[in-house]
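Written below as structure tokens is the structure these notes are about.
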Amino acid sequence: MPIVRDSNSCLVRCIRVLCATGILLASIAVGQSVGTIQGTVTDPSNAAVGGATVTVRNQTTEVERSTRTDAAGAYLIPSTPIFR
């Protein structure tokens, strides 16, 4: 009876590659240290406030990031360090 190693060794290699890929992706996800903050600025009548300055600040490190709202009051602060 001949021993078929090609299909088994291919399967083993595929499983190893999948496991290694999963471990790599998990470590990348855990290591993320930035996020995105977004929202809309409105006044008491719920109208959009364009041109407003939005600032986020880490109270521990005093690091600040700022942006201005667009005409619809929307703002986006990408690549913001995660404050812990």
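The values are calculated or read from the model by the stated rules, or taken from the named source; none is laboratory data. Keep in mind it's a predicted model, so treat the numbers as computed, not measured. Positions of Cβ are backbone-derived with ideal geometry, glycine not excepted, and every protein chain shown enters the neighbour counts.
Out of all the residues in segment 46-84, which are loosely packed, with under 12 Cβ neighbours inside 10 Å, of a type in the set (D, E, K, R) and modelled with pLDDT under 90?
Residues satisfying the conditions are GLU62, GLU64, ARG84.
Show the residue pairs meeting these rules: Cβ distance below 8 Å; 6+ apart or different chains; first residue within segment 48-60 and in a loop (DSSP other than H, G, I, E, B); second residue hydroxyl-bearing (Ser, Thr, Tyr).
VAL49/THR42; VAL49/THR69; GLY50/THR69; GLY51/THR69; ALA52/THR69; ALA52/TYR75
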